[in-house]
Amino acid sequence: MSVAVTIESVEKRFQNFPALRGVSLDIQPGELVALLGPSGSGKTTLLRVIAGLEQAERGRVLFGETDTRDLSLRERRIGFVFQHYALFKTMSVGENIAFGLKSRPRAERPSPAEIRKRVSELLELIQLPGLEKRYPSQLSGGQRQRIALARALAIEPRVLLLDEPFGALDAKVRKDLRAWLRQLHQRTGHTTVFVTHDQEEALELADRVAILHDGRLEQVGSPDDVYDHPATPFVCQFLGDANHLPVKVVGSQAFFQDRPVLGGLRQNQGGPASLYVRPQHLRIVDDAPLALPGVVEHLRRNGPLRRAEVAVDGLPKRLDVDLASQVAPAIGERIRLRITHGNLFAAA
Amino acid sequence: MSDASLPYQIEDLAPARAARRVKGESRLVQFVLVGVSLAFLCLFLFLPLISVFVEAGARGWHAYREAILEPDALAAIRLTLLIAAIAVPFNVIIGLAAAWAIAKFEFRGKSLLISFIDLPFSVSPVISGLVFVLLFGAQGYFGPWLAANNLKIIFAVPGILLATIFVTFPFVARELIPHMQSLGSADEETALTLGASPWRTFFTVTLPNVKWSLFYGVLLCNARAMGEFGAVAVVSGKIRGVTTTMPLHVEILYNEYMGAAAFAVASLLAGLALVTLVLKTVLEWRFADAIAASRHH
């Protein structure tokens, strides 16, 4: 199977700050990959290295079999969309989209009629037909974003690179555009890499999610894979809320303060470990062999769910518990919690 | 007044009082402030300007024509236009290059370069002229070599050109640097990834983005290039009809008690300043939208 983009142990530093430390990643043709991480994790730098806007100090990037160091920016044929769109404001929408085609060397340049046809097709594709004559200042943020995408698609890019594509838009438009981008990707099948710090966006949109932290790739996998089986404590906490319990593993059981809280472990190595449990994986039970006693201290609403904050002896932070049923415990009530699923990491 | 109504009154009054305080305490203060500004403008700007034109026309149209069409005056006008025609394009190119380097790249000594660009503004024009005398004059560092090779810079046109370029250098760069810095490099990077050559990127993306700042810079640079006196006076040697620009010609005429002729030539220079001002205002008004768009997105 051929690979669209191969990233081989890429390293990059800015002055003394290591932005990327040995990142390797394969991207399959037609794939939609999210580079996810907090700010300063190196995700945008990686995107710019793939684009050729930054040079890696070590390692290399291949497009198919070709080393990109042998390619000029024009030969790379990438479609790069900036967070703030970077539309040419002195040009109309039509001229913006046509820019890449008009910039080709004379021999490869399509005729003006062909360019016009291509522009109107692209406007059709992004569902903004007939906007050729408008100027970027006359468009909304969501429209500008789509024009920037159409401009990038005009050169038939090998790879589409999107830097925080929805970062500058408000929440509602962002949701709509997300669904729209997913559809567009299914129709056009461009190999696409996008950068985001929004884990929800990454999990919803991408075929695969690559999580970066401090310039290192922490984990790559399908959204289900990384969410359900995080490889590191960082990934576990970054992808969603998680309660942390310091535990001790003996045999097939995890003990919190000499009380068994989780059983059926297949890990063989015993000793101290960190147990991460998501709020939806804590259930209030009447009585169970493996249960954690606590006191409800606070109740609040978290989107569609209600959430209880439960104080447990020996834990400095209260546990977040999602309440599955409509019947909520009262504040001050003593309850018992059972862990239905948890992620265990050997303590470093 | 009942107790119950008191809180309402306080609430109602508070915003009005605040608004009045922001706009100024009384109309009298407004009138005084506007009046002082206007009086100052009249006394120090409009009155002298008007007097230039009045004096120029005092001896009638015929004398005015005579003063301007006199061979030395024509030579001064020609020289001034020549100097501006070389100095302005030169400073546009260098100014663009400097602004580009400062706005788009990170390098050591960048802040030093920015202060150097401002140097001609902070140095007295006389010093700017003397620097070139020191370098290229008969007793200067390169003087003997220039004399041996039969080249003349000081007391000749090249010296005037050098002094003018030096004095007018900051205008274009100073207009462009903040604008280019605020624009960032995303537009250029986009153009390059779309396959445009660096030159095409410059001419189709960068230049249109900064055209208004560039235009202001050129206007101001041109006005100063034609009007510069101090630096040019030092290097010119004031050889009549050869190295006198319009401002120098005005001074010579005035010193020789030819007031009407001096004011006639001066009125041309003042006219240039007015044209510059009018052009700038008209363009700002006519293309307000385009200017706002190119500055703020």
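The values are calculated or read from the model by the stated rules, or taken from the named source; none is laboratory data. Predicted, not measured: the structure shown is a model, and the values here were computed from it. For neighbour counting, all protein chains shown are included, and Cβ atoms are generated from backbone atoms with ideal geometry for every residue, glycine included.
The residues listed here are A:Arg266, A:Arg300; of these, the one that is in a loop (DSSP other than H, G, I, E, B) and either loosely packed, with under 14 Cβ neighbours inside 10 Å or at positive phi (or both) is A:Arg266. Listed by first and then second residue, the pairs linking a residue in the range B:257-280 that is modelled with pLDDT under 85 to a residue that is polar (S, T, N, Q), with Cβ atoms under 8 Å apart and 6 or more places separating them unless they lie on different chains, are B:Thr276/B:Asn222. Looking across the range B:192-207, the residues that are within 7 Å of another protein chain (Cβ to nearest Cβ), in contact with a Phe, Trp or Tyr (Cβ under 8 Å, 6 or more places away or on another chain) and either of a type outside the set (Gly, Ala, Ser) or not in a loop (DSSP other than H, G, I, E, B) (or both) come down to B:Thr193, B:Leu194, B:Val205.
When you scan the range B:57-68, do you find a residue that is within 25 Å of B:Ile165 (Cα to Cα) and assigned to a helix (DSSP H, G or I), even just one? No: zero hits. Checked against the criteria, A:Ser92 does not count as of a type outside the set (A, V, I, L, M, F, W, C), more than 10 Å from every other protein chain (Cβ to nearest Cβ) and closer than 26 Å to A:Cys236 by Cα. Going by what's in this entry, would B:Phe116 be described as hydrophobic (A, V, I, L, M, F, W, C), surrounded by fewer than 17 Cβ atoms within 10 Å (Cβ to Cβ) and outside any helix (DSSP H, G or I)? The answer is no for B:Phe116.
Each row is one residue, and each column tells you yes or no for (1) modelled with pLDDT under 90; (2) within 24 Å of A:Arg21 (Cα to Cα).
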residue: A:Ala210; (1), (2): no, yes
residue: A:His213; (1), (2): no, yes
residue: A:Arg216; (1), (2): no, yes
residue: A:Val220; (1), (2): no, yes
residue: A:Cys236; (1), (2): no, yes
residue: A:Leu239; (1), (2): no, yes
residue: A:Leu245; (1), (2): no, no
residue: A:Pro272; (1), (2): yes, no
residue: A:His281; (1), (2): no, no
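Residue by residue through the range B:209-225, note down the ones that are within 11 Å of chain A (Cβ to nearest Cβ) and either outside any helix (DSSP H, G or I) or surrounded by 17 or more Cβ atoms within 10 Å (Cβ to Cβ) (or both). Across the range B:209-225, the qualifying residues are B:Asn209, B:Val210, B:Trp212. Checking each residue in the range A:60-82 for being buried (at least 17 other Cβ atoms within 10 Å of the Cβ) and more than 8 Å from chain B (Cβ to nearest Cβ) picks out A:Val61, A:Phe63, A:Thr68, A:Val81. Sub-7 Å Cβ pairs linking a first residue in the range A:328-348 that is in contact (Cβ under 8 Å) with a residue 24 or more places away in the chain to a second residue that is among the acidic types (Asp, Glu) and surrounded by 12 or more Cβ atoms within 10 Å (Cβ to Cβ), at least 6 apart or interchain, are A:Ile331/A:Glu297, ordered by first then second residue. Here A:Val33, A:Val119 are screened, and the one residue that is more than 25 Å from B:Lys211 (Cβ to Cβ) and either within 14 Å of chain B (Cβ to nearest Cβ) or in contact (Cβ under 8 Å) with a residue 40 or more places away in the chain (or both) is A:Val33. Within the set A:Arg158, A:Arg174, the sole residue that is within 14 Å of chain B (Cβ to nearest Cβ), touching a residue at least 24 places away in the same chain (Cβ under 8 Å), within 24 Å of B:Ala186 (Cα to Cα) and out of contact with any helix residue (DSSP H, G or I) (no Cβ under 7 Å at 6 or more places or on another chain) turns out to be A:Arg158. Checked against the criterion of being touching a His at 6+ places or on another chain (Cβ under 6 Å), in contact (Cβ under 8 Å) with a residue 40 or more places away in the chain, surrounded by 14 or more Cβ atoms within 10 Å (Cβ to Cβ) and over 17 Å from A:Arg76 (Cβ atoms), the range A:8-16 has no qualifying residue. Considering (1) surrounded by 15 or more Cβ atoms within 10 Å (Cβ to Cβ); (2) more than 29 Å from B:Ser128 (Cα to Cα); (3) modelled with pLDDT of 85 or more, the lone condition that B:Phe287 does not fulfil carries the number (3). Taking the condition among the small types (Gly, Ala, Ser), closer than 23 Å to B:Thr204 by Cα, within 14 Å of another protein chain (Cβ to nearest Cβ) and in a loop (DSSP other than H, G, I, E, B), does A:Ala86 pass? Judged against the criteria, A:Ala86 is a match.
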